[in-house]
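Trainee: Mind having a look at this structure? Questions to follow.
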Protein chains: 2
Amino acid sequence: MKHKSIITADDHPLLLKGLNDFLIEKGYNIVGCGANGREAYNLITKLKPDIAILDIQMPFMSGLEIAKKCKTNGISTKIVLITIHKEKELYNKAQELNIFGYILKEFAIEEIENCITTVSEGQPYFSQKIKDMLNTNSADDEALNVLTPSEKKILKLIARDKTNKEIASLLFISYRTVEKHRSNIINKLKLEPKTNSLLSWAKEHHDKLQ
Amino acid sequence: MKHKSIITADDHPLLLKGLNDFLIEKGYNIVGCGANGREAYNLITKLKPDIAILDIQMPFMSGLEIAKKCKTNGISTKIVLITIHKEKELYNKAQELNIFGYILKEFAIEEIENCITTVSEGQPYFSQKIKDMLNTNSADDEALNVLTPSEKKILKLIARDKTNKEIASLLFISYRTVEKHRSNIINKLKLEPKTNSLLSWAKEHHDKLQ
DNA sequence: GGTGAAATACGTGTTAACACGTAATTAGCT
DNA sequence: AGCTAATTACGTGTTAACACGTATTTCACC
């Protein structure tokens, strides 16, 4: 298992060093490492490693973009993302691309060996800790699924500080329709009956609105 | 210089490993390291190191809290904070406490040796990169300084979804006064003349409101 | 080809958040 | 003691964001 070739990449030099040192001490076969997304992608195309352990957030190219390009270019390197992001959105996106692993940096040391082992065998590995977190924190996410497509579209515009009339213009509908949607959204989300509870909610959850 | 005793602490195991490995390779005298704020503080009180390199965001006790306790307890350990936070607020707080250094994790490897050298000589070291960033990114921060204490207090409550009447009750003043403050804040911040521009602004900048 | 959900829209009314002007009181500073 | 900024407060008016009910059209789906 430890003969599998691995490359690593993170724009965080200290973290990259920590990761490399750890894996080398454990006897893994690190064949390269990059300081940003572009370097990482170049390494992958050149070395065609078995596994690439990548940060999501990197300059020039994100871990997700790298995964996408690998998929379209038919590179069989198995991508493992290692990140601080706990957002469900990213987690879902990761599962859609051919990503084999997703680890949180907080628990990297405990989980990374398990992850590499599992991924080496061709099985995906998604941190249990992430699953736990997403489950405990998904009340609002579920609420979002109650909304219809139009309602979601309007919510996004509300989060961008658009007034009802502006939204109406943008969507070529009456501002009264927007008002009605707004009212319906408040009902569905069961927001407290305050004047600006909807704007407030939209602002607080704007990261989940796309 | 390299004989100075140093302890490190970060709740991020990989990063902590990267930091320790790096410093040890460079020949520094690492006498201990902690995985969270409490461990870090215990190490400091026990070992009284010359320098403590701490993350800001840690469980149980933040780097800032540790600095504060060291100050009140008369411990002369020089605190260096190493963080991903680019917020001016934290930077300012750091300068108020007896903190000797402030480094961004992104540039840690380039700057940490300089920092340790400078701090060892009893001089404070604050990353030039932070200063650059704060200057380019401080339009809103400066705007905040235009506000009076009462106005800031009200802004915080607005960001917490309080209505004018609720704020009035909380502060034992008339809701008309709150309205006036609100109007004045909008003028000072030069917000666009929209109905909820203030709530919107407060929500977007609530992290800078304390 | 009917049925239900979604999208569209209006009538009517209430309220919170503003604008703009004015003004009294308080607090800090010299 | 005197000056300035801050805080407090009201009058008056406008508008955006709601609530609640109702009604038509569109569309997917069986």
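The values are calculated or read from the model by the stated rules, or taken from the named source; none is laboratory data. Computed from a predicted model, the values in this text were never measured in an experiment. Here Cβ is always computed from backbone atoms with ideal geometry, including for glycine, and neighbour counts include all displayed protein chains. Note: areas computed on protein heavy atoms with side chains; ligands, DNA, RNA excluded. Shrake-Rupley method; radii C 1.70, N 1.55, O 1.52, S 1.80 Å.
Trainee: Of all residues in the stretch A:132-151, which are open to solvent by less than 70 Å² (accessible area, probe 1.4 Å) and either assigned to a helix (DSSP H, G or I) or modelled with pLDDT of 75 or more (or both)?
Mentor: If the condition is that a residue be open to solvent by less than 70 Å² (accessible area, probe 1.4 Å) and either assigned to a helix (DSSP H, G or I) or modelled with pLDDT of 75 or more (or both), then A:M133, A:L134, A:D140, A:D141, A:A143, A:L144, A:L147, A:T148, A:S150, A:E151 are the ones that fit.
Trainee: If I ask for residues that are at the interface with another protein chain (Cβ under 9 Å from one of its Cβ atoms) and open to solvent by 30 Å² or more (accessible area, probe 1.4 Å), which ones from the stretch B:185-205 would you list?
Mentor: Hits for the stretch B:185-205 are B:E192, B:K194, B:T195, B:N196, B:E204.
Trainee: Another question, then. Count, please, the residues in the stretch B:78-110 that happen to be modelled with pLDDT of 80 or more and among the basic types (K, R).
Mentor: Within the stretch B:78-110, residues that are modelled with pLDDT of 80 or more and among the basic types (K, R) number 2.
Trainee: Mind listing whichever residues of the stretch A:12-34 are open to solvent by 50 Å² or more (accessible area, probe 1.4 Å) and within 14 Å of chain B (Cβ to nearest Cβ)?
Mentor: A:I24, A:E25, A:K26, A:C33
Trainee: Among the listed residues A:I44, A:I51, A:I56, A:I30, identify the single one that is under 16 Å from A:L15 (Cα atoms), modelled with pLDDT of 90 or more and not acidic (D, E).
Mentor: Only one candidate passes the filter, namely A:I30.
Trainee: Answer yes or no: is there a residue in the stretch B:1-8 that is within 30 Å of A:E111 (Cα to Cα) and away from chain A (no Cβ under 12 Å).
Mentor: The answer is yes, given that some residue of the stretch B:1-8 is within 30 Å of A:E111 (Cα to Cα) and away from chain A (no Cβ under 12 Å).
Trainee: For the stretch B:141-165, how many residues are acidic (D, E) and within 14 Å of DNA strand D (Cβ to nearest atom)?
Mentor: Adding up the residues that qualify gives 2.
Trainee: Could you list, in sequence order, all residues of the stretch B:169-184 that are away from chain A (no Cβ under 14 Å), touching a residue at least 12 places away in the same chain (Cβ under 8 Å) and open to solvent by 70 Å² or more (accessible area, probe 1.4 Å)?
Mentor: B:L170, the sole residue that qualifies.
Trainee: Under 6 Å between Cβ atoms, which residue pairs at least 6 apart in sequence (or on different chains) link something in the stretch A:186-205 that is under 15 Å from A:E151 (Cβ atoms) and charged (D, E, K, R) with a partner that is assigned to a helix (DSSP H, G or I) and more than 6 Å from DNA strand D (Cβ to nearest atom)?
Mentor: As it stands, the answer is A:K188/A:V146, since those pairs meet every condition given.
Trainee: Then there is this: Report yes if B:E166 is at pLDDT 90 or above, away from every other protein chain (no Cβ under 11 Å) and in a helix (DSSP H, G or I), otherwise no.
Mentor: In short, no.
Trainee: Residues of the stretch B:35-53 being under 23 Å from B:G74 (Cα atoms) and within 14 Å of chain A (Cβ to nearest Cβ), which ones?
Mentor: Answer for the stretch B:35-53, where residues must be under 23 Å from B:G74 (Cα atoms) and within 14 Å of chain A (Cβ to nearest Cβ): B:N36, B:I53.
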